[in-house]
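The values are calculated or read from the model by the stated rules, or taken from the named source; none is laboratory data. This structure is a prediction, so every number in the text was calculated from the model and none was measured. Every residue, glycine as well, gets a Cβ built from its backbone with ideal geometry; the counts of neighbours run over all protein chains shown. With ligands, DNA and RNA removed, areas are computed over all heavy atoms of the protein, side chains included. Shrake-Rupley method; radii C 1.70, N 1.55, O 1.52, S 1.80 Å.
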Amino acid sequence: MEEKSLDFVLVPLGLFLMGAYHVWLFFIIHRHPRKTVIGLNAQSRHQWVFSMMSDPLKNGVLAVQTIRNNIMASTLLATTAITLSSLIGVFVSSTSNSEKISTSVIVYGNKSPTLSAIKYFSILLCFLVAFLCNVQSIRYYAHVSFLVTVPTWNDRKDSMEYVGRNLNRGSFFWSLGLRAFYFSFPLFLWIFGPIPMFVCSFIMVFILYFLDTTTTITRQLHSHSFKEDHKNTGMESTSNPM
């Protein structure tokens, strides 16, 4: 295989691996949420909302402080993403002359200036997506911080369901922003050639699989950690939180 054709074979294959894995993960989250960490965490947050809103006068401070910690985590990721985006924009603008872009560190692949610009634009796009997702996460968390302290009756489950859905949406946007950071690793290694990019994509899929899936012991511990009267409350909404 010619050196210039490696980018047109290995890079799409690496992106296909990452994309196919996340399509499979999306399917498992909606059909079998307990088999994924994201699904278990969604159910845990749903039960947490019911626990906090059952006595808002007693648990209000704890609920607001917990949500504030999530807002701080989203703010940190959003700040990091927009800072890296700015640095990439400055670097690309300072090397607008194609002769100034160093290609001596590239392992194999096409060394054309147009492809180099595509590489930097792909990384920039990942960080911008991460920034937007984390901003949306902050938006939902801020909204939940007001709703979680509103007094409600224990028999009015609809308001608690609404707060739980908004909390899960904020968390899912945070997860999407984190996924954008994960995608930036293979794209960053693409600067050094298509072979490191493909290897990184292959390894990243295995790492994410072990991070996203749960074991039988974990599911059993999770099922026994809640009260019996809360087990079946709102499972339909947590299995399809978006």
Some residue of segment 1-17 being assigned to a helix (DSSP H, G or I), at pLDDT below 85 and either open to solvent by less than 30 Å² (accessible area, probe 1.4 Å) or touching a Cys at 6+ places or on another chain (Cβ under 8 Å) (or both): yes
Residue in segment 118-135 that is farthest from the chain's Cα centre (by Cα), counting only those that are over 21 Å from Phe173 (Cβ atoms) and open to solvent by 60 Å² or more (accessible area, probe 1.4 Å): Ile118
Top-ranked residue of segment 136-151 - restricted to ones that are assigned to a helix (DSSP H, G or I) and open to solvent by less than 60 Å² (accessible area, probe 1.4 Å), ranked as modelled with the lowest pLDDT: Leu147
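Okay, residues lined up against (1) open to solvent by 30 Å² or more (accessible area, probe 1.4 Å); (2) at pLDDT 95 or above; (3) under 17 Å from the mean Cα position of the chain (by Cα):
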residue: Trp153; (1), (2), (3): yes, no, no
residue: Lys157; (1), (2), (3): yes, no, no
residue: Leu167; (1), (2), (3): no, no, yes
residue: Leu178; (1), (2), (3): yes, no, yes
residue: Phe185; (1), (2), (3): yes, no, yes
residue: Leu189; (1), (2), (3): yes, no, no
residue: Phe198; (1), (2), (3): yes, no, no
residue: Thr215; (1), (2), (3): yes, no, no
residue: Arg219; (1), (2), (3): yes, no, no
Exclusive hit being open to solvent by less than 30 Å² (accessible area, probe 1.4 Å), aliphatic (A, V, I, L, M) and either in contact with a Leu (Cβ under 9 Å, 6 or more places away or on another chain) or under 17 Å from Ala180 (Cα atoms) (or both), set Ala81, Ala73, Ala63, Ala20: Ala81
One residue from Ile67, Ile38 being in a helix (DSSP H, G or I), touching a helix residue (DSSP H, G or I) at 6+ places or on another chain (Cβ under 6 Å) and farther than 17 Å from Val163 by Cα: Ile38
